1. Would you kindly derive the ³J(HN,Hα) couplings of segment 17-30 from the backbone phi angles with the Karplus curve 6.51 cos²θ - 1.76 cosθ + 1.60 (θ = phi - 60°), listing them in order in whole Hz, with x for Gly and Pro?
2. Go through segment 110-118 residue by residue and turn each phi into a ³J(HN,Hα) via Karplus (6.51, -1.76, 1.60, θ = phi - 60°); whole Hz please, and just put x for glycine and proline.
3. With each pseudo-label sitting 7 Å past Cα toward Cβ, what's the Val105-Ser20 distance in nm, one decimal?
4. How long are the three semi-axes of the equivalent ellipsoid of the chain, in whole Å, if each is the root of 5 times an eigenvalue of the C-alpha gyration tensor, listed from largest down?
5. Taking the chain as a Gaussian network, Cα atoms linked when under 10 Å apart, which of His66, His120, His89 shows the biggest mean-square fluctuation?
6. Dipole magnitude of the chain about its Cα centre, charges +1 at Lys/Arg Cβ and -1 at Asp/Glu Cβ only, in debye to the nearest 20?
7. Run the quick spin-label model on Glu33 and Ser112: label points 7 Å from Cα toward the beta carbon, then report their separation in nm to one decimal.
8. If I take R0 = 41 Å and measure r between the Cβ atoms of Val51 and Ala98 in this structure, what FRET efficiency does the formula 1/(1 + (r/R0)^6) give, to the nearest 0.05?
Amino acid sequence: MRGRDDIPSPGHYEGHYDRSVPECLFCGIADGEVPATLVLDGKRVIAFRDVNPQAPTHVLVIPRDHYPTVAALAGAGDGLLDELVAHAHEVAAAEGIADSGYRLVFNTGRESGQTVGHVHAHVLGGRPMTWPPG
Ligand code: AMP
């Protein structure tokens, strides 16, 4: 049974990596065990619609392999973070929001609001965004 992950402390997990973590919800989506509405199905990266959308477009982009945070993913140093960001832009283009603009968010650690401990980029757009974020 996959459930809520422990939320990592960002610095603590740099470089930490597991191919798949049994209790991780997003590993379950990457493995096809948990249903999701995929919008991109790549070799190392997938993207799917957020179940609780905060904007007309709200897509999550994740690596198939399990890294707890964006810092851990950056620490891997094999180009996967670049690939994830490039795919996020492809998703924005496919959704028709690349030109109007979109927000790319990596919540990182408990106080940021990160609730799933498998790194994910939120691609948000389709409406004007305000600043500062809540
Ligand atoms: P965060 O709070 O930054 O960790 O983002 C986690 C996001 O995952 C939230 O926006 C949730 O709405 C979303 N989410 C949780 N469970 C699922 C799911 N099964 N499928 C798609 N999105 C989900």
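Any read-out appearing in this document is the output of simple, stated calculations on the displayed coordinates, not a laboratory observation. Since the structure is predicted, the reported quantities are computational estimates derived from the model, not experimental observations. For neighbour counting, all protein chains shown are included, and Cβ atoms are generated from backbone atoms with ideal geometry for every residue, glycine included.
1. 8, 9, 5, 8, 10, x, 8, 8, 4, 6, 4, x, 5, 4
2. 4, 6, 6, x, 5, 10, 10, x, 10
3. Using points 7 Å along Cα→Cβ, the separation is 3.0 nm.
4. Rounded to whole Å, the semi-axes are 22, 17, 15.
5. Of His66, His120, His89, the most mobile in the Gaussian network model is His89.
6. 280 debye
7. 2.6 nm
8. It comes to 0.95.
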